[in-house]
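See below for the structure under consideration.
Rule-based calculations on the coordinates, nothing more; no lab input. These numbers were taken from a predicted model, which means no experiment stands behind them. As a convention, Cβ positions derive from the backbone with ideal geometry for all residues, glycine included, and neighbour counts pool all protein chains shown.
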Amino acid sequence: MSKWGPIIIIDDDQEDQEILKSILQDLKITNEIIRFNRCGDAFDYLRTMTGDPFIIFCDVNLPMLNGIDFKRDIDEDEELKKKSIPFVFYSSAAGKELVDEAYTKMTVQGFFKKGTSYSEIKETVRIIVDYWKHSRHPSSHD
């Protein structure tokens with residue numbers, strides 16, 4: 001699947017980053033994996049990168065700029081908004097209020113609660129990646 005751009009993981013928990021990276025490798029997904037601990041660093045990267053990311057996996061509870069505010073910043077940036085980057089929240093914080101806010105006040109393509117086992121996480125990530133691999137959107141590549 002390497003013809004698509006990088007997969008971006010934003011999570012301040014190093015262990016969660018490693019688990020996602022390991023799962024992506026287990027699934028034989030060859031996209032570059034770019035990891036950030038803070039949304040501000042990820043935002044700077046998105047503004048300066050060439051090409052488009054394949055997908056962003058973002059936690060909600062992050063220091064300084066949280067995931068919700070980060071997604072708002074992306075939606076308010078005309079250049080980033082045009083890229084229509086697939087964006088999913090992947091967080092242990094997945095209460096009704098957060099999920100409602102994500103879907104009604106911004107453009108997210110998914111909100112997933114972090115799984116409790118490797119196999120559960122792997123199945124969720126497989127479904128997400130397969131969906132976006134086959135989906136058509138403005139950033140799609142033939």
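Find which of TYR131, SER92, ILE10 sits farthest along the positive direction of the dipole of the chain, computed with +1 on the beta-carbon of Lys and Arg, -1 on that of Asp and Glu, about the Cα centre.
Of TYR131, SER92, ILE10, it is TYR131.
With θ set to phi - 60° and the Karplus curve 6.51 cos²θ - 1.76 cosθ + 1.60, what are the ³J(HN,Hα) couplings of region 19-28 in order, to the nearest whole Hz, using x for Gly and Pro?
Those phi angles translate into 4, 4, 4, 4, 5, 4, 5, 4, 7, 6 Hz.
Pick out which of GLY110, GLY51, GLY67 has the largest mean-square fluctuation in a Gaussian network model of the chain, springs linking Cα atoms closer than 10 Å.
GLY51
In nm, to one decimal, how far is the LYS96 label point from the GLU78 one, both placed 7 Å along Cα→Cβ?
Using points 7 Å along Cα→Cβ, the separation is 4.0 nm.
Straight-line reach only, C-alpha to C-alpha below 12 angstrom: list the aspartates and glutamates that LYS83 could link to, leaving out same-chain residues fewer than 8 apart.
ASP52, ASP75
With charges only on Cβ, +1 for K and R and -1 for D and E, what is the dipole size of the chain about its Cα centre, in debye, rounded to 20? Numbers along the way, then the final one.
Details: 19 positive and 26 negative charges, 105 e Å.
Charge dipole of the chain: 500 debye, to the nearest 20.
Calculated from the structure, Rg/Rh (Cα atoms, Kirkwood Rh) equals which of (i) 0.94; (ii) 0.92; (iii) 1.06?
Step by step, Rg/Rh (Cα atoms, Kirkwood Rh) for this structure corresponds to label (ii).
Using only alpha carbon pairs under 8 Å that are at least six residues apart, calculate the relative contact order of the chain and give it in whole percent.
Details: 199 pairs, mean separation 34.1, N = 142.
Once normalised by length, the contact order is 24 percent.
Name the residue farthest towards the positive end of the dipole of the chain from the options LEU24, CYS39, ILE74, assuming +1 on Cβ of Lys and Arg, -1 on Cβ of Asp and Glu, about the Cα centre.
Farthest along the dipole direction, towards plus: LEU24.
In whole Å, how far is the Cα centre of region 84-118 from that of region 41-69?
Taking the Cα centre of region 41-69 as reference, the centre of region 84-118 is 14 Å away.
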